[in-house]
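Below is one structure; the comments refer to it alone.
None of the figures in this text is laboratory data; all of them are computed from the coordinates on show. Treat the numbers as computed from the prediction; the structure is a model and nothing was measured. Backbone-built Cβ (ideal geometry, glycine too); neighbour counts: all protein chains shown.
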There are 2 protein chains.
Amino acid sequence: MKDTPTETLTTAKGTFADGLRDHLPAAAFRDLEPRYLEEPRGRWAGTDGLLLAPATTEEVAIIIKAAQQARVAVIPYGGGTGLVGGQVSSDLPAPVILSLERLNKVRNVDPVENAMTVEAGVILQQAQEVAEEAGRLFPLTIASQGSARIGGILSTNAGGVNVLRYGNARDLCLGVEAVLPDGSILQGLSPLRKNNTGYDLRHLLIGAEGTLGVITAATLKLMPRPVRTGAAMMAIRDPAAALDLLNMARDRIGEGVSAFELIGRMGLDFLAETMPEVRLPLGWPEWSVLIDLGLGASGDPAAALEGLFEAAFDAGLVTDGVIAQSEGQRHDFWTVRESIPEANRRIGSISSHDISVPIASIPDFIRDGTGVIAKIGDFRINCFGHVGDGNLHYNVFPMPGRSRSDHDDQRDAIKTAVHDLTHSYGGSVSAEHGVGRLKVGDLETYVDPAKLAAMRAIKAALDPAGIMNPGAVLRRAG
Amino acid sequence: MKDTPTETLTTAKGTFADGLRDHLPAAAFRDLEPRYLEEPRGRWAGTDGLLLAPATTEEVAIIIKAAQQARVAVIPYGGGTGLVGGQVSSDLPAPVILSLERLNKVRNVDPVENAMTVEAGVILQQAQEVAEEAGRLFPLTIASQGSARIGGILSTNAGGVNVLRYGNARDLCLGVEAVLPDGSILQGLSPLRKNNTGYDLRHLLIGAEGTLGVITAATLKLMPRPVRTGAAMMAIRDPAAALDLLNMARDRIGEGVSAFELIGRMGLDFLAETMPEVRLPLGWPEWSVLIDLGLGASGDPAAALEGLFEAAFDAGLVTDGVIAQSEGQRHDFWTVRESIPEANRRIGSISSHDISVPIASIPDFIRDGTGVIAKIGDFRINCFGHVGDGNLHYNVFPMPGRSRSDHDDQRDAIKTAVHDLTHSYGGSVSAEHGVGRLKVGDLETYVDPAKLAAMRAIKAALDPAGIMNPGAVLRRAG
C-alpha cells in the first residue's frame with residue numbers, strides 16, 4: 001500500500017485566484033478576516049490563504065477541480081469551533097480556505113419520512129429548530145451548537161450528551177453529498193434506512209475531517225420528540241455504582257434514558273469557587289450523576305425516576321437523590337452539569353483530555369488515573385462526562401494558589417500519562433473531538449499500524465495529489 | 001483514480017495448497033462438500049476450490065498472505081445463506097473457499113459494558129442466545145438466523161424486522177477485527193461508543209461483502225431486554241394510513257415500537273391458498289399492519305396499543321384491530337407475517353425484489369408499481385415488508401392456473417420495470433441482501449458514477465491484486 005502523497009503544493013494567491021474569477025461569482029470571494037486563521041484554543045494560527053465561500057455544490061466542485069489541477073491545498077472551514085486544529089494550517093503555501101457559510105440552505109424537512117436534508121453550512125442550532133418546527137427532534141447536542149455547522153459536525157463525527165440514546169453525528173446521518181478530491185460530486189443524499197448498494201462512502205467521509213473530500217449537504221435522521229421529560233440527580237456510592245445504576249435505569253426505562261452524566265466532587269468545588277450562584281441540589285457528594293429521561297405521551301418520568309431511586313437505594317448504589325418536580329428544576333440540574341466546563345476555564349487546566357474507555361473499566365481507570373497523576377506531582381483532577389458512552393473529560397488543574405503556567409514543563413508528562421493509561425485500557429485518545437493537527441502524533445503512537453496503513457492507502461487513492469486538508473489526521477509525507 | 005485490478009489469478013490447487021500445508025494445521029483443510037459450491041437460489045454453482053477452515057485469526061492471515069503472494073482468489077464463506085451469490089463463483093481459477101465455521105468462539109460477553117465480542121463463524125442465533133443468558137438483547141433478527149454467521153451478516157450488512165428500532169447489522173457493530181488483503185490484521189475490536197481516531201474502516205468493511213478483507217471477529221452492541229412486550233394487528237384505510245399510524249405510534253410510544261410490518265391482501269390470500277392452518281385474526285383486509293412493542297418494566301404495552309388504536313380509529317386511519325392478550329397471541333400474529341415468505345415460495349414468484357424507497361413515497365410507489373406491472377401482463381403482486389424502513393418485498397406471481405415458468409420471457413422486463421420505478425423514487429435496488437454477483441449490473445446502472453469510481457479506487461488501493469472475492473460487488477476488469 002502506498003504512502004501519503006508527497007507532491008509539492010502551490011499557492012492559491014495570484015494566478016490560481018485570478019483564474020477562478022472567470023468561473024465563480026464575485027460573491028464567492030471574501031475578505032480573509034482574522035477569525036479564519038484562528039482556532040478556539042489558540043495553538044495554531046494560519047498565516048495566509050484565499051478565502052472562498054461558495055453558495056452551491058457546483059461552485060464547490062469548480063473550486064476543488066481547479067485546486068486539484070493546480071495542486072493547491074484546500075482547508076474546509078465550518079463554524080470554526082473545532083478543538084484540534086483541523087481548520088487551520090500554517091505550514092502550507094497559501095491554501096484555499098473553503099468556508100461553507102453560504103452553502104446554508106435547509107433543502108427539505110419531512111416529518112413523515114423523519115428526515116431532513118440540510119447543506120453543510122447550516123448551523124446545528126438552526127437544524128435543531130427546523131426539526132422542532134416540524135414536530136421532530138434532531139438530537140445532537142453539543143456546547144458549540146450556536147456556531148458549529150453541520151459539515152464540520154459530520155466531518156469530525158461530533159458527540160455530546162445525547163450519544164447514549166441517539167448515537168453520535170455518524171449515527172444520525174442517512175446520506176451525504178460531497179465533492180471528492182477529483183472534483184466529482186458524490187450524490188449520496190438519501191433518506192433510505194436500508195440501502196446495501198456498495199461500499200459505505202458516507203461513513204468514510206464522516207470523521208475524515210475534510211481529508212477525503214468536502215461534505216456539502218447531508219440527509220439527517222429525525223426522531224420523535226419526547227413529550228414527557230424528567231431529570232434526577234443522585235449521589236452514588238462510588239464510580240462503579242454509576243455503571244450499575246445506568247444498567248438498572250436502562251433495564252427499567254429502556255431507551256428513554258437520554259443522558260447519564262457523571263459529576264465528581266472536584267467539579268462541584270470548582271463551581272463553588274468560581275460560580276457560587278450555581279445552586280447545588282445535593283450539596284457536595286464525592287460522586288453524583290445527572291439522569292435525564294425523555295418518554296412518550298404514555299410515560300411518567302417522575303414515577304420512573306422514583307422507582308429507580310428506591311430500587312437503587314435498596315441495592316446500596318445511591319445514598320441521596322432529588323427528582324425534578326418541574327421543567328425549571330430539570331433546567332437547574334442541567335445548569336450544574338453545563339457550568340462545569342466554564343468553571344474549569346476559570347480555574348485554568350494544565351492539560352485536558354478528550355478520552356473514552358470501555359464503560360466497565362471507568363472505575364479502575366479513575367483509580368489508576370489518580371495514581372499516575374500523583375506520581376508527576378500535586379494536582380487537582382476534575383473527571384466528569386458521559387458515563388453512558390465511556391467518554392470522560394479528564395482534566396488536570398494546579399493546586400490552589402498556583403497557576404497553569406507554573407506547570408508548563410509538566411504538561412507533556414501529564415498528557416502522555418493520561419493517554420498511555422487510556423490506551424492500556426483499550427480506550428481512545430480522541431473520543432469526540434477528532435484528530436485534526438493536534439493528535440496526528442497520538443494517532444501514530446496509539447492506533448493500530450494496519451489501520452494507519454489502510455488509511456494512508458485510501459487517502460492516496462482518493463486524493464493522490466494530497467490537496468485536501470493536508471497535515472490533518474495523517475502527517476504529510478516527504 | 002484507478003480501475004479495478006486486472007492481474008491474472010492462479011489456481012489454489014496443487015502448489016499453492018501444498019505450500020500451505022507447512023503453515024496450517026491439518027484440521028484447516030477440509031473436504032469440499034457440494035454445499036460450498038451452491039447458494040440458496042441455485043443461480044450460481046462453483047466448479048472447484050480449495051476449502052480452508054481456519055480456527056484462528058492468525059491462520060486466516062497466513063492464508064490471505066499466501067493468496068496475495070500467489071495471486072489466488074479468496075471467497076469468504078459464512079453460513080452460505082446469502083441470496084445474491086456473494087459466496088459462490090464459477091468463473092475463476094479454483095479459489096480458496098475460506099469458511100469461517102471453525103472461527104466460532106464467543107470471546108467475551110459483558111452485560112455491564114453492553115457489548116460482546118464474537119468470532120465471525122458464530123451463528124446469529126447463538127449470538128442471540130448468549131446475549132439472552134447475560135440478560136441482554138442482541139436485536140438483529142432475520143429469517144436465516146439459524147445458519148447465518150456473524151461474519152457474513154456484517155459483510156452484507158443484514159437487516160430484518162427490527163431495523164426500525166435497533167438499526168441494521170452496521171448499526172449494531174462497535175468494532176471489527178479483520179484480515180486485510182495484504183494479510184495484515186486490523187485490530188479494531190473495541191466496545192468504545194465514542195472513538196474519533198481516524199477513518200472508520202469498520203464501516204468500510206461492513207457491507208463490502210468480503211471484497212476488501214475478511215472480518216474475523218466483531219464487538220457487537222447489546223441492548224436492554226424489553227421486559228413487557230405486546231403486539232397488535234390493525235386493518236388500515238390504505239398504505240398512506242400506515243405511515244400516519246407509524247408516526248402516531250412513535251410519537252405516543254417512542255422507541256418502544258420494535259417492528260411495524262405492512263401486509264397486503266395478496267399475502268393473506270396466498271396463506272389461505274397454501275397454508276390454511278395459519279389463522280388470520282382480522283380476516284382479509286386489503287391492507288393491514290403488525291405492530292410490535294417492547295417496553296421497560298414500567299411500560300404497559302396493551303394499554304399503549306389500545307390508546308393508539310382509539311386515536312387512530314378516531315383519525316380514520318384504521319378500520320379494525322386486535323391486540324394480543326397473551327404472549328401466545330402475539331406469537332400467532334407473528335406467525336401470519338413470517339409465513340408469508342413460505343406461502344410465496346409455494347405459489348412460486350416470477351420475480352422478487354429486495355427494494356427500499358423513501359418511506360413517505362411508499363403509497364405512490366405501490367400505486368405506480370401496479371401500473372407498470374399491468375403494462376407487462378396479468379400478474380399477482382404480493383407487496384409486504386418493513387414499512388418503518390421503507391423496505392418492501394415486492395414480489396410478482398403468475399395468475400392462478402399458470403406457473404412461473406410460463407413467464408420466463410417476461411422476468412427481465414418485470415425486474416427492470418420494478419428497479420426503474422424504485423430508482424425513479426430515489427430508492428435502492430438492494431435494500432438488505434447486498435450486491436453479490438447478482439446485482440453487479442444493477443449497481444453499474446443505478447449507482448452514482450462518482451460513488452462507483454471511488455469504490456473502484458478504494459478496491460484497487462487495498463486489494464491491488466484483486467484476490468478478495470473477485471467479481472462480487474465490482475465487476476472484474478479486463
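Take A:Phe270, B:Phe309 and order them by how many other Cβ atoms sit within 10 Å, fewest up front. Each step should come with its number before you reach the end.
Details: A:Phe270 23, B:Phe309 20.
So the residues, fewest neighbours to most, are B:Phe309, A:Phe270.
For the stretch B:13-53 versus the stretch A:168-210, the spacing of their alpha-carbon centroids is 37 Å. Relative contact order for the stretch B:228-424: 28 percent, from Cα pairs under 8 Å spaced at least 6 residues apart, divided by residue count.
A cut-off of 5 Å between modelled amide H atoms, ignoring neighbours fewer than 5 places along the same chain, links B:Arg225 with B:Leu137. Pairs exceeding a 30 Å alpha-carbon distance, out of B:Lys13/B:Lys451; A:Lys105/A:Lys451; A:Lys13/A:Lys459; A:Lys65/A:Lys415; A:Lys65/A:Lys194; B:Lys221/B:Lys415: B:Lys13/B:Lys451; A:Lys105/A:Lys451; A:Lys65/A:Lys415; A:Lys65/A:Lys194; B:Lys221/B:Lys415.
Take the alpha carbon gyration tensor of the stretch A:226-343, find the square roots of its eigenvalues, order them as a ≥ b ≥ c, and report rounded if a/c is under 1.5; if not, report prolate when a/b exceeds b/c, else oblate. Verdict is oblate for the stretch A:226-343. Charges were assigned to the Cβ only: +1 to each Lys and Arg, -1 to each Asp and Glu. The resulting dipole of the stretch B:200-256 about its Cα centre is roughly 300 debye. Based on DSSP, what percent of beta bridges with both residues in chain A are antiparallel, to the nearest 5? Around 85 percent antiparallel, to the nearest 5. By its C-alpha gyration tensor, with a ≥ b ≥ c as the square roots of the eigenvalues, how is the stretch A:348-433 shaped: rounded for a/c under 1.5, else prolate for a/b larger than b/c, else oblate? Cα axes put the stretch A:348-433 in the prolate bin. A simple rule links phi to the HN-Hα coupling: the Karplus curve 6.51 cos²θ - 1.76 cosθ + 1.60 with θ = phi - 60°, which for the stretch B:144-157 gives 8, 5, x, 9, 5, 10, 4, x, x, 4, 6, 5, 9, 6 Hz, with x for Gly and Pro. Sequence-distant contacts, meaning Cα pairs under 8 Å at least 6 residues apart, place the relative contact order of chain B at 18 percent. Give me the distance between the Cα centres of the stretch B:284-300 and the stretch A:294-313, rounded to whole Å. Here the two parts' Cα centres lie 23 Å apart. Between amide H atoms placed 1.01 Å from N, distances below 5 Å from B:Phe29 occur with B:Ala53, all of them 5 or more places distant or on a separate chain. When both the stretch B:406-468 and the stretch A:84-129 are represented by their alpha-carbon centers, they are found 30 Å apart.
For the stretch B:21-92, the list of GluC sites (Glu not before Pro) that fall in a loop by DSSP and count at most 16 other C-beta atoms within 10 angstrom reads B:Glu38. For the protein assembly as shown, a simple Cβ point-charge model (Lys and Arg +1, Asp and Glu -1, everything else neutral) yields a dipole of about 1540 debye relative to the Cα centre.
Normalised by 2.2 N^0.38 Å, where N counts its residues, the alpha-carbon radius of gyration of the stretch A:20-112 equals 1.16. Note on chain A: Cα convex hull, mean projected area over all directions, 23.0 nm². Relative contact order for the stretch A:297-401: what is it in percent, counting Cα pairs under 8 Å that are at least 6 residues apart? This gives 25 percent for the stretch A:297-401. Under 5 Å from the amide H of A:Ile236 lie the amide H atoms of A:Trp287, A:Ser288, A:Val289, A:Thr319, each residue being 5 or more positions distant or on a separate chain, with H modelled from the backbone and absent for Pro and chain starts.
Shown here are the Rg and Dmax of the Cα trace of the protein assembly as shown, at 28.0, 92 Å. Among A:Ser144, A:Ser339, the order by Cβ neighbours within 10 angstrom, fewest to most, reads A:Ser339, A:Ser144. Rounded to the nearest 0.05, the FRET efficiency derived from the C-beta distance between B:Arg35 and B:Asp378 at R0 = 51 Å is 0.85.
Can you figure out the FRET efficiency of A:Asp18 with A:Asp91, using R₀ = 25 Å and their beta-carbon distance, to the nearest 0.05? List each step's numbers first, then the result.
Values: r = 25 Å, r/R0 = 0.99.
Working from the Cβ atoms, E equals 0.50.
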